[in-house]
Amino acid sequence: MTILCVRFQLPPTDEAALPGLLGLLEEFTPVVEALPPDGALADLRGAERYFGRSAVELASVIRVRALALYGVDCVIGAGPGPMLARIALRDAQPGVTCAVPEGAVAGFLAGKPVAALPGVGAATARTLGEYGLDTLGLVAAAPLSTLQRLVGAKTGRELREKANGIDRGRVVPNAVSRSLAAERPFTRDELDADRHRRALLSAAEELGSRLRAVDKVCGTLTLTVRYADRSSTTRTRTLEEPTAHSAALTKAAYGMYEALGLQRARVRSVALRAEGLGPAEQASYQLAFDPVDEKVRRVEEVADRVRAKFGPRAVMPGTLAA
Amino acid sequence: MPGFTHLHTVSGFSLRYGASHPERLAERASERGMDALALTDRDTLGGAVRFAKACAKAGVRPLFGVELAVEKAEPDGREKRRTPVRGGAFIDESTPRVTFLARDGARGWADLCRLVTAAHTAEGTPLLSWQDNHADGLTVLLGPASDVGRALAAGRPDRAARLLAPWREVYGDALRLETVWHGREGTGPGSLRLAARTVGFAAEQRVRPVLSNAVRYADPGLGPVADVLDAARRLVPIDGTRELDSGEAWLKDADAMLRAAERIVEGAGYRRDTARRLLEQTRATAAECLVDPEDDLGIGTVHFPEPHLVGADRRTAQRTLASRAAAGMVLRGYSGKRVYWERMHRELDIIAHHGFASYFLTVAQVVDDVRDMGIRVAARGSGAGSLVNHLIGIAHADPVEHGLLMERFLSKERVVLPDIDIDVESARRLEVYRAIIGRFGAERVATVAMPETYRVRHAIRDVGAALSMDPADIDRIAKSFPHIRARDARAALEELPELRRLAGEKERYGRLWELVESLDALPRGVAMHPCGVLLSDASLLSRTPVMPTSGEGFPMAQFDKDDVEDLGLLKLDVLGVRMQSAMAHAVAEVERATGDRIDLDAVRPGDPATYRLIRSTETLGCFQIESPGQRDLVGRLQPATFHDLVVDISLFRPGPVAADMVRPFIEARHGRAPVRYPHQDLEGPLKDTYGVVVFHEQIIDIVAIMTGCGRGEADRVRRGLSDPESQGRIRIWFAQHAAAGGYDAETIQRTWEIVEAFGSYGFCKAHAVAFAVPTYQSAWLKAHHPAAFYAGLLTHDPGMYPKRLLLADARRRGVPILPLDVNASGVAHRIELVSESGGFEGVGGTGGSEGSRVPEGSRVPEGSEAPEGSGVPGKVWGLRLALSDVHGISEAEAARVADGQPYASLLDFWERARPSRPLAQRLAQVGALDAFGANRRDLQLHLTELHRGARGSGGGGGQLPLAGGRKTAPAGLPDLSSAERLSAELGVLSMDASRNLMDDHRTFLDELGVVSARRLRDAGHGGIVLVAGAKAATQTPPIRSGKRVIFTTLDDGTGLVDLAFFDDSHDACAHTVFHSWLLLVRGVVQRRGPRSLSVVGAAAWNLAELVELRAENGLDAVAARLAEPVPEGSGDPAGGRRIHMPTGYEMHPWADLRPAGEEPAKARKLWHQSPGSAG
């Protein structure tokens, strides 16, 4: 009963508020793991003794502080391990902390759907569902060999352990937000490639400036195209070198978009996500003899400063201004 | 100012391009003072006949033409674009298009037909190749869309001149350059600059220019409709930021065209009065194009196949026919009967009078060919009234014995083409077509086109997609509507109670409704007509454009069935009748399993078991008498002879039902009312039907007797009765002649009332006799070979009910249902010997064996002996489900599975039957693989691994873990629960094969106090009951009171409950009834006879929803749901509006439609419906 899983009810684009909220948690314990975009795990093993309160009582304190300081509500699940805390979070509501009872873990898990387990994605859940293993109780009861035949040796073993409530995870402190996203919706079914590219350019510009604002670079870029029928296509590309340079991000985004070869697809939105974030000072940068690249980066630096002073729309690429 | 002639006009027959019907164009042309109008549809002449008729009516001279895509003279290199990962590629419309006009009469028309036919031989979209691009009788217009026009638009007059050369070479003086001004900017099509360049280029090249308006719609303001059509054709949404339709492409009058001409010539640098010369050229071009609809298209003349093809090469067709008929007399044993000889000679005289002998020989030839192929064939329609047809083997029933008249079919007074329809097995219909083509040659045979037109659902889908609406919304809106005309969309929203919720959000969709209505009845595709085949002489291809059908590649004329009649082409209707296929399958199964050959055409007439079955009204699956209304009628009429069946079929028509002929007939038949004749002379024709007029033949006889005119004349009079104008004239004529015949005024008055009231409704007795034959045959099969009968029904699915209902019926009648099993099931449904002695407990030990439980007391219809299991008493035959019913199985896969039987193990099955993985999984789910051991989920796991192994990526390397020989080892997965099995059966087979799905709810229904269908039979008239069941069929037929009544049939496992919802309950019930699958209904019992029972619904609930509430929240939640207020009825929202039929009776505007919601046959889900669907 020592791990809390907290999800702050943040508006979707406001990931910048997360570091502050993490700071709030760090007042209770140094062992805080961020779960971007809006969650965190906190290990309260020491804090319980220090504050003389149980984890569930501390959860109420955290909620009150988050509301008082940041005006942000939160939902909290508590459990003996990070996995159980996360599962407990599913049943929690604002003000009602859900705690996994220490002795009755198996009973708590038995009725839960398999998709509740962290690490079980839609595909695994579907596979298990096809074979009638749709609750964790059934998974726990199934023979290990059968599970391994279903989902593979390693996943099968882990799945069975998790379903039996064996939680081997630890809370690993990391203060880093690991991804940033920018989405550009269209008001109608958009087929025009130029307008798609314009949306991508704008999203890549936004990502770049947001990354540079927090001194981060990203290693991979993911493009998600959503269609009118609510389906979507996702492509991920690892960048040549981690960067926050808008031009490099735009180039990668264009490359992924062109490879889709869309013609009649009714696009309702394009979204870019920068992943694999790391500190900018540790990023390597391939120098080139071509002075253009250097100049572009310097222009970008200036533009960033102008934007910081006169607002985000003060400087922008010509195509977006039209 | 003389009128202007539009040389380039398209109608709605240009699929998803033209926005007006040909009739509208002709009307508008006439209103705007034009003397002539051309119709130049894209890739088709399909609108030509309708256009010609409309022009004749409007007083406008029609010109015929076509707009075709033509292969480029110089191919240009085009880079191939990457295949899109989603959404598909753009529709390529880059080929240049050119307009061809028929000039020289029949030769021009033949050239047009040839060009269109040639263009359709191309792969993919129609494209005219250069070697076919030549004709002597055509005028060619090169407009902005042609290669020359495009070069000019691109500012390349040099290239245009080069491209013009090959055209000039082929068409010489018949070449024109078409200039169009739609007020657009730039230099593209429709721009003033291109128009001016075209005129200048024409002068430079010495080619005559003509002015056109490239008309796409008749009236101004239809631009947005054209945009929707463009979007629907290109499969993209309307993009408001791009160039849309100019709105100018309407049928402009002469003044507007003169102004356009002036602007164009001024733009080209000429003086304004040069415009007159441009118009003069246009007029001269129009004047040259002379094609006469009567002489040149062949309207009004008849073309039969050459006599030598139908066995008359040495003698005339008439003599051949006479000798064949005489031979038939001897063959059928009528040679001693004078009546037959006289009638035969009289008929032959009539045939000779019209010169139709080769028509009869042609049909006889087709029928003979079909019969030789071993396909069941039967004539239907009025043709069955001809003795000659019977003698030469076309019709089965003897017309003299059944009192059928030749005159109803053909007489000297009638000048229209006679019409013989033949029914063949539906499953082999295409074989029949191939045989006909093989017999007469592809140059004489073509199938007939059937334009698919926009109705409300498709219109909503296309407009919604064009307007970028959410696909889920589009789907929901489209499915909420019954299958009505698109133009009624807004009226339906106002008036239909089941659309009330949708009407509330109507405003959200903006222009949707207006655009939907404007698409009304425009063709959106062309399909092959399901039964018409054209037979002609070798000149067919010069009179008809022919295109290949999409699937089978049959030649298909572009005209529809009405056009074909107007063109005087001989059309033979070859109807594929599923019941014939079903019966053929049943007979084949009996022969396969027992070795007995049944000749259905020779079964004993008047079989008591058969009539007992019919009278019991358990006629599900029997031809023509299975609908709820028919079951009710059969129950009241209690047929005992073949003639009774004929009457029964004739009475169950909208006309007789509307005219209330049923009640007096039933009263008289059961002796409750006296039989009355208007006059003693009329006893002859009316005696068989107790004085009630049922058949057309009786009207013919009455008129003939009373007035003394011949029967041929009497038939002509009968046809005139349906037209109110001629009815008045006939009345006077009738009174005069009857009075001359010595009848008193009162008799004449009473007889006239009968003739007037019933004449236009009655049914052709020849039709009814032709229908009654398969009715009797199918009932006979059901009575004597039930298992085989159901096997046939399930295989060919002939009826109005979903298959699961037939299965429930089989179960009720004591036919054991054997589950799907890869080692026993065939491609089609089969019969299997279950027990030699009659008891069949412990049947089918593999899996769903509870399926063969039979409810007690429902095994055998009361009062009859046990069904004679395939003729051998004491043996019980079961029905083995078929592989072909598995969802998503292909014919090849089914055949492979069946050919590889038996399989020793799962591995054996996997390797030899090579099923796809989803198919194998489905088979495992429904228990078809249960024989291989392990439970169904374990089997699925093994299959997945086999699949993985087959792909060569790990897996068990083809080795199955074996437990005890060839059985598959269990893997410890939980087996499917009983509800899951049922759900899998519904999902995979669309049938609840192991037990009735209502059985699971029995406890809940008992809690509610629901009366089962079996117990309902004993319920008293007027009692209030609750009934429940799965919806089997829903109809809103036209009925006598002119109101809209929803008829629904529910199946609850013990039988069927027929429900009627009258319009006072529609507000409360209509939406629920149309959109739910499982229903709980409160109603009042209506009893009209010992076997006639229905429930009048007052309130309806979605049972699936209640079941869920009961399971999750208990009875109190159900009570809360039932306590919710029900919307109050507000009377008839149609405001008493009625459609007045020409015959005088009234119909509710929304009756007689396919109702809203999904068809019950499509319901595959057990309890839930996805939130996206209309339910």
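The table below gives the values:
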{"read-out": "Fewest-first sequence of B:I1024, B:I394 by Cβ atoms within 10 Å of each Cβ", "value": "B:I1024, B:I394"}
{"read-out": "Phi-based couplings in Hz for the stretch B:99-105 (Karplus 6.51, -1.76, 1.60; Gly and Pro marked x)", "value": "9, 10, 10, 6, 10, 9, x"}
{"read-out": "Filtered GluC sites (Glu not before Pro), the stretch B:172-265: DSSP coil and at most 12 other beta carbons within 10 Å", "value": "B:E185, B:E243"}
{"read-out": "Charge tally in the Cβ shell below 12 Å around B:L1005, where Lys, Arg are +1 and Asp, Glu are -1, B:L1005 excluded", "value": "-2"}
{"read-out": "Part-to-part distance (alpha-carbon centres) for the stretch B:503-527 and the stretch A:124-161, which is given in Å", "value": "50"}
{"read-out": "Neighbour-count order for A:C74, B:C531, fewest beta carbons within 10 angstrom listed first", "value": "B:C531, A:C74"}
{"read-out": "10 Å Cβ neighbours from other chains, averaged over peptide A:137-145", "value": "2"}
{"read-out": "In the stretch B:278-364, the chymotrypsin sites (Phe, Trp or Tyr not before Pro) that fall in loop regions by DSSP, at most 12 other Cβ within 10 Å", "value": "none"}
{"read-out": "Alpha-carbon spread of the protein assembly as shown, three principal axes, descending order, Å", "value": "123, 100, 64"}
{"read-out": "Convex hull per residue volume in Å³, alpha carbons only, for the stretch A:179-321", "value": "114"}
{"read-out": "Unit Cα scatterers, Debye sum, the stretch A:104-169: log10 I(q)/I(0) for q = 0.15, 0.16, 0.18, 0.28 Å⁻¹", "value": "-0.37, -0.42, -0.54, -1.41"}
{"read-out": "Amide H partners (placed H, <5 Å) of B:V834, local residues excluded", "value": "B:V876, B:W877, B:G878"}
{"read-out": "Reach of B:K506 by Cα under 16 Å, taken over aspartates and glutamates that are not fewer than 8 positions away in the same chain", "value": "B:D470, B:D473, B:D475, B:D488, B:E494, B:E495, B:E498, B:E514, B:E517"}
{"read-out": "Signed unit charges on C-beta, dipole axis of chain B, positive-most listed residue B:A1019, B:A788, B:T117", "value": "B:T117"}
{"read-out": "Order of A:T243, B:T99 under a 10 Å beta carbon neighbour criterion, fewest first", "value": "A:T243, B:T99"}
{"read-out": "3J(HN,Hα) from dihedral phi, the stretch B:699-707, Karplus parametrisation 6.51/-1.76/1.60, rounded to Hz, x for glycine, proline", "value": "4, 4, 5, 4, 4, 5, 5, 5, 9"}
{"read-out": "Under 5 Å, built H, 5+ apart or other chain: amide partners of B:F763", "value": "B:F695, B:H696"}
{"read-out": "MRE, 222 nm, helices only [DSSP H, n ≥ 4, -39500 (n - 2.57), over chain B, to nearest 500]", "value": "-12500 deg cm²/dmol"}
{"read-out": "Spacing of the two label points (7 Å from each Cα toward its C-beta) at B:E591 and B:R750, in nm", "value": "5.5"}
{"read-out": "Average other protein chain Cβ within 10 Å of Cβ, residues B:938-945", "value": "2"}
{"read-out": "Exercise: per-residue mean of other protein chain Cβ atoms within 10 Å, A:226-236", "value": "3"}
{"read-out": "Cα-Cα over 29 Å, subset of B:K337/B:K412; B:K412/B:K765; A:K112/B:K479", "value": "A:K112/B:K479"}
{"read-out": "Unit charges at the beta carbon, dipole of the protein assembly as shown: most positive-side option, B:I625, B:I420, B:V215", "value": "B:V215"}
{"read-out": "Where trypsin sites (Lys or Arg not before Pro) fall in DSSP loop in the stretch B:240-281, at most 16 other Cβ within 10 Å", "value": "B:R242, B:R271, B:R272"}
{"read-out": "Peptides ranked, highest mean first, by Cβ atoms within 10 Å: ranges A:210-223, B:678-691", "value": "A:210-223, B:678-691"}
{"read-out": "Sites B:A979 and A:A106, calculated FRET efficiency, Cβ-Cβ separation with R0 30 Å, nearest 0.05", "value": "0.70"}
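Values in this text are rule-based calculations from the coordinates and carry no lab data. Here the structure is a predicted model, which is why all the values come from computation and not from measurement. We place every Cβ from the backbone using ideal geometry, glycine too, and count neighbours over all the protein chains shown.
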